[in-house]
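The structure under discussion appears below in the form of structure tokens.
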Amino acid sequence: MATGEKIWYKNKLWYFFNSLKLTLGVLITLAVVSIIGTVIEQNQQWPMYVARYGATWAKVIKTLRLYDMYHAKWFLFLLALLTLNIIVCTFERFPPKWKSLLKHKPSKYDPQSFTRIIENCSQNHSVNFSGGKSAAKERVLSALKKKKFNVVEYDGDGSLGMYAWKGAIGRLGSDFTHISLLLILLGAIVGSFSGYKDFKIINVGDTVDVPYNEFKVRLDKFWIDYYESGQIRQFNSMLTVVENGKDVLTKQIWVNEPLYYKGVRFYQSSYGQSWSKIEEAGIGIVNRKTGEAIGEPITIKWDEMLPVPGTKYSMKLVAYSADLGIDEQTKTVFSQSQDPNNPAVGLEIYENGKQVKEALLLLKYPGVFQALPTSDKDLVLTGYRGIMYSGVSLNNDPGTNIVWAGSIVMGIGFFFAFFVFHRKVWVNISETGGSCQVKFGGIINKNNLLFEKELQDIADGVNNSGSKS
Amino acid sequence: MILSLLFFTFSFVFYLLTALLYVGNWVFKKKWLGQTATAMSIVALFSTTMILIVRAKESGHAPFSNLYESMMLFVWAVNVGYIAMEYKYKFKVMGVFVMAFEFLAMLSASLLPYKFKSAEPLNPALQNKWHWMVDLLSKIGYEKYAIGWLDFHVFTTFIGYAGFAISCGLSIMFLLKNRAEEKGGNNFLLDAFPESKILDELSYRTIAWGFPFLAVGIVSGAVWANYAWGTYWSWDPKETWSLITWFIYAAYLHARVTRGWRGKKAAYLSVAGFAAVIFLYWGVSFILPGLHAYA
């Protein structure tokens, strides 16, 4: 490509995105507008905004999507501007930088140009050395090597040259950091377009399906650990992964400790007393007419079938509702709330192995529904032992790993950018009579104070006259 | 509780003394005052370290779980940063501002309401230990000293805060010195400041420490949130403010690339950045609701 030729994409727009002013503008704008979303509570119900800010301001909030600001188009537009800015700047700056890093050594030695470079350096020294050229060279070399510089030597007529450098990789720190930001952004985008989140209430002993996957998860146990003072220490669930009918993995999860299986994570996120299942119930047999109890109540487990003593029937515990409600349309029972306001159990009644009835027993209202079809006896619910459920969040986010990869690259980038400095030093040694004049100067991309001290150390290392240079 | 209070009281007095000694050194320019001030800052550091250690013993976990404990960590980190800087660059005038700031921080910590101070056992969401570390330490029976994302997250974040605090002080010194230099003439107190060019450079160097540490703090917080809640970012006010702070310092670092933004404008950005840090640290905890309500 001939120099001076205009490259097709290098138009005004390109230079707009290449400008550092844009970077500063977008960064400061982002910082300022981000405040809004921390002051206005996000993702609340519409009436809340009207009540708090009044109808006019609520309308502004709605129009600008300030109720979900960080997903609003104008906010994403700002992020997109920053992204384009980063991409264009990297394209513009990286290739020449890379070239200069590869070809940084002077190709030939010319004492005059070396001296000129040295004199133009912001940091330069001139030290007298009493001794020959080669002795001076050894002295300078050891001083530079002590500071871990890489050195190339040049021989000239009557004088010697050296070029030393270190920390060139520090130059790439900003590029690593910029690429890491793009990676993190990419991860966030991947996460928002693929992957899913879900939340499952699992009763102890129950197995639930995992969306988009063949395997299921069973909750074996839920329990709470306490401190001696009575404060809650931790919520725990024992989860088992069931695949093709076989238990493949059992793991105890707690807050901060998810279960991971085939790309899906399971998090402990809530718990409570189940409103749709119990461990066991106490069933009393009573005289239907008088309501008098006949014998001790029977304890029946969930899904267990037991004979009803003194009758031809058997019963099976199949349903529970903490707050019994009946859907008028579908004629089905359900729980109106999670609290045991109106506990009821459902029994299936069998005669000679054939189901003859579904019975509903209410703890608070014994005898309102007849349980046994033809008998002078009836059943009442005398009590029950509930079970816990565990609320488990499911999360599959393939973008997460990209975000972590980006974070690692960012760490490397920061290390290079802030703690590795690119230093270049030019040395010129000329001999006159029995002594030498050692001139050297250098540049550093950052941290001048450090470099000043380093070059002074080198000067002191070379100087053998006893006087300060 | 008693022992950590004792060390708190000691530190409180030590920071006051240290600040006064640095002021004395600044005004009277006596070498022995400067040396005593430096020695005193080390004594104060030791005492602050003891607060943290004793506190950890009392609560049974790393002392990073409420506002008071994090304040002690902050004071500690600023002191470490300052001593390292004084050792490296030998400017004692900074000590006046840093130690006065430390004293104010101790004062505000002592004024915190009780609920932000008491040593509590960790709630479920804060319990996190690295498995590999527990496994490693359990071989020698020290598994209770294992740390986790909470400790790492808080520690790195506060190193960042400390860097920004020192940088803010340096930027204010820069602005004062710069004005004096522009006006010319002599000023008995400002003449003791290093050149404005050096103050500008040092302010940049401290931000160059703070910025990556804040980034590591944010990222480790994200990793931990992903373990605890299943999302690495949820635009919680604390998260958002940490990002705001990060944006401001990112602007600062980019501003320095262009000449025109060095010096004054950069110094103003640094001060603005630290104002954001203060809000991020205290404002969010007290004013805005969110996941970080405990600290």
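The values are calculated or read from the model by the stated rules, or taken from the named source; none is laboratory data. Predicted, not measured: the structure shown is a model, and the values here were computed from it. Positions of Cβ are backbone-derived with ideal geometry, glycine not excepted, and every protein chain shown enters the neighbour counts. These accessible areas exclude ligands, DNA and RNA; they are computed on the full protein's heavy atoms, side chains included. Shrake-Rupley method; radii C 1.70, N 1.55, O 1.52, S 1.80 Å.
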Quick one: is B:Tyr22 in contact with a Gly (Cβ under 6 Å, 6 or more places away or on another chain), open to solvent by less than 20 Å² (accessible area, probe 1.4 Å) and in a helix (DSSP H, G or I)?
yes
I'd like to check something: does the stretch B:86-99 contain any residue that is under 21 Å from B:Phe8 (Cβ atoms), among the hydrophobic types (A, V, I, L, M, F, W, C) and open to solvent by 30 Å² or more (accessible area, probe 1.4 Å)?
no
Given the criteria farther than 20 Å from B:Leu189 by Cβ, out of contact with any Pro (no Cβ under 8 Å at 6 or more places or on another chain) and not assigned by TED's automatic domain parsing to the domain that holds B:Trp282, does B:Ala44 qualify?
yes
Name the residue that is farthest from A:Gly170 (Cα to Cα), counting only residues in the stretch A:379-401 that are more than 11 Å from chain B (Cβ to nearest Cβ) and β-branched (Val, Ile, Thr).
A:Val380
Whichever residue in the stretch A:34-87 is away from chain B (no Cβ under 14 Å) and outside any helix (DSSP H, G or I) and, among such residues, is surrounded by the fewest Cβ atoms within 10 Å (Cβ to Cβ):
A:Gln45
Pairs returned, first residue in the stretch A:254-268 that is in contact (Cβ under 8 Å) with a residue 12 or more places away in the chain and more than 10 Å from every other protein chain (Cβ to nearest Cβ), second residue that is open to solvent by 20 Å² or more (accessible area, probe 1.4 Å) and not in a loop (DSSP other than H, G, I, E, B), beta-carbon separation under 6 angstrom, 6 or more apart or interchain, are A:Leu259/A:Lys251; A:Gly263/A:Asn396; A:Val264/A:Asn396
Residue tally, condition of a type in the set (S, T, N, Q), surrounded by 15 or more Cβ atoms within 10 Å (Cβ to Cβ) and closer than 19 Å to A:Asp397 by Cβ, over the stretch A:154-212:
1
Scan the stretch A:390-397 and give yes if some residue there is in contact with a helix residue (DSSP H, G or I) (Cβ under 8 Å, 6 or more places away or on another chain), within 30 Å of A:Phe222 (Cβ to Cβ) and in contact (Cβ under 8 Å) with a residue 12 or more places away in the chain, otherwise no.
yes
Can we say A:Lys364 is at pLDDT 90 or above, farther than 28 Å from A:Phe222 by Cα and exposed (fewer than 15 other Cβ atoms within 10 Å of the Cβ)?
no
Mind counting the residues in the stretch A:347-359 that are surrounded by fewer than 17 Cβ atoms within 10 Å (Cβ to Cβ), modelled with pLDDT of 90 or more and either under 53 Å from the mean Cα position of the chain (by Cα) or not assigned by TED's automatic domain parsing to the domain that holds A:Gln370 (or both)?
1
Under the condition of being charged (D, E, K, R) and not in a helix (DSSP H, G or I), which residue from the stretch A:88-106 is most open to solvent (accessible area, probe 1.4 Å)?
A:Lys103
Complete set of residues in the stretch A:417-432 that are under 16 Å from A:Lys137 (Cα atoms) and either assigned by TED's automatic domain parsing to the domain that holds A:His125 or open to solvent by 50 Å² or more (accessible area, probe 1.4 Å) (or both)
A:Glu431, A:Thr432
The condition from (1) over 30 Å from A:Val255 (Cβ atoms); (2) open to solvent by less than 50 Å² (accessible area, probe 1.4 Å); (3) within 14 Å of chain B (Cβ to nearest Cβ); (4) not small (Gly, Ala, Ser) that A:Ile412 misses is numbered (2)
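Which strands (runs of 3 or more DSSP E) sit wholly inside the stretch A:237-331 and have at least 1 residues that are touching a helix residue (DSSP H, G or I) at 6+ places or on another chain (Cβ under 9 Å)?
Where strands (runs of 3 or more DSSP E) fall fully within the stretch A:237-331 and carry at least 1 residues being touching a helix residue (DSSP H, G or I) at 6+ places or on another chain (Cβ under 9 Å), they are A:246-254, A:264-287.
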Only strands (runs of 3 or more DSSP E) wholly contained in the stretch A:110-214 count here; list those with 1 or more residues that are acidic (Asp, Glu) and more than 30 Å from A:Tyr271 (Cα to Cα).
A:150-155
Of the residues A:Ile326, A:Ile349, which is over 30 Å from B:Ala222 (Cα atoms), touching a residue at least 24 places away in the same chain (Cβ under 8 Å) and in contact with a strand residue (DSSP E or B) (Cβ under 7 Å, 6 or more places away or on another chain)?
A:Ile349
Give the residue that is least open to solvent (accessible area, probe 1.4 Å), with candidates limited to residues of the stretch B:138-154 that are in contact with a Lys or Arg (Cβ under 8 Å, 6 or more places away or on another chain) and hydrophobic (A, V, I, L, M, F, W, C).
B:Ala146
Identify the residue in the stretch A:253-265 that is out of contact with any Leu (no Cβ under 8 Å at 6 or more places or on another chain) and open to solvent by 30 Å² or more (accessible area, probe 1.4 Å) and, among all such residues, is farthest from B:Gln127 (Cα to Cα).
A:Lys262
If you scan the stretch A:107-136, which residues turn out to be surrounded by 15 or more Cβ atoms within 10 Å (Cβ to Cβ) and under 51 Å from the mean Cα position of the chain (by Cα)?
A:Ile117, A:Ile118, A:Cys121, A:Gln123, A:Asn124, A:His125
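Could you count how many residues in the stretch A:6-33 are assigned to a helix (DSSP H, G or I), of a type in the set (A, V, I, L, M) and open to solvent by 30 Å² or more (accessible area, probe 1.4 Å)?
We begin by selecting, within the stretch A:6-33, every residue assigned to a helix (DSSP H, G or I); these are A:12-17, A:20-33.
Now narrow it down to the ones that are of a type in the set (A, V, I, L, M): A:13, A:20, A:22, A:24, A:26-28, A:30-33.
Pick out the ones that are also open to solvent by 30 Å² or more (accessible area, probe 1.4 Å) and you get A:13, A:20, A:28, A:32.
Total meeting the criteria: 4.
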Out of the residues in the stretch A:52-71 meeting the condition of being among the hydrophobic types (A, V, I, L, M, F, W, C) and over 21 Å from the mean Cα position of the chain (by Cα), tell me which one is farthest from B:Phe247 (Cα to Cα).
A:Ala55
Of the residues in the stretch A:412-443, those that are among the hydrophobic types (A, V, I, L, M, F, W, C) and more than 14 Å from A:Ile169 (Cβ to Cβ) come to A:Val425, A:Trp426, A:Val427, A:Ile429, A:Cys436, A:Val438, A:Phe440, A:Ile443
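For every residue, the table says whether it meets (1) closer than 30 Å to B:Phe247 by Cα; (2) of a type in the set (Gly, Ala, Ser).
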position	(1), (2)
A:Thr115	no, no
A:Tyr154	no, no
A:Gly170	yes, yes
A:Ser174	yes, yes
A:Ile179	yes, no
